[in-house]
Amino acid sequence: MADQGVEQGLGYEQARDELLEVVRRLETGGTTLEESLALWERGEQLAKVCQRWLDGARARLDAALAAEESAGE
């Protein structure tokens, strides 16, 4: 995928904000079918970027909690 490198560089907030803009444009309408499909595909890519960030944050939190529990034993 050509955009994969660009997606890897997106921060969570940037990806989220762009995703919100994509959703707004799709909900507003007024785009051609081709534009709507392109927006949908971009939205799917951005949602995956956001999910990777959230999964990483969850893993870091779980690791920190596990380390804290181990230290307390």
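The values are calculated or read from the model by the stated rules, or taken from the named source; none is laboratory data. Note that this is a predicted model, so its numbers are computed, not measured. Reconstructed Cβ throughout: ideal geometry from the backbone, glycine too, with neighbour counts over all protein chains shown.
Quick notes on this one:
- Residues that are among the hydroxyl-bearing types (S, T, Y) and outside any helix (DSSP H, G or I), drawn from region 20-65: T31, T32
- Among the numbered conditions (1) surrounded by 12 or more Cβ atoms within 10 Å (Cβ to Cβ); (2) at pLDDT 95 or above; (3) not basic (K, R), the only one that E34 does not meet is (1).
- Scanning region 7-28 turns up at least one residue that is of a type outside the set (S, T, Y), out of contact with any helix residue (DSSP H, G or I) (no Cβ under 9 Å at 6 or more places or on another chain) and at pLDDT below 95.
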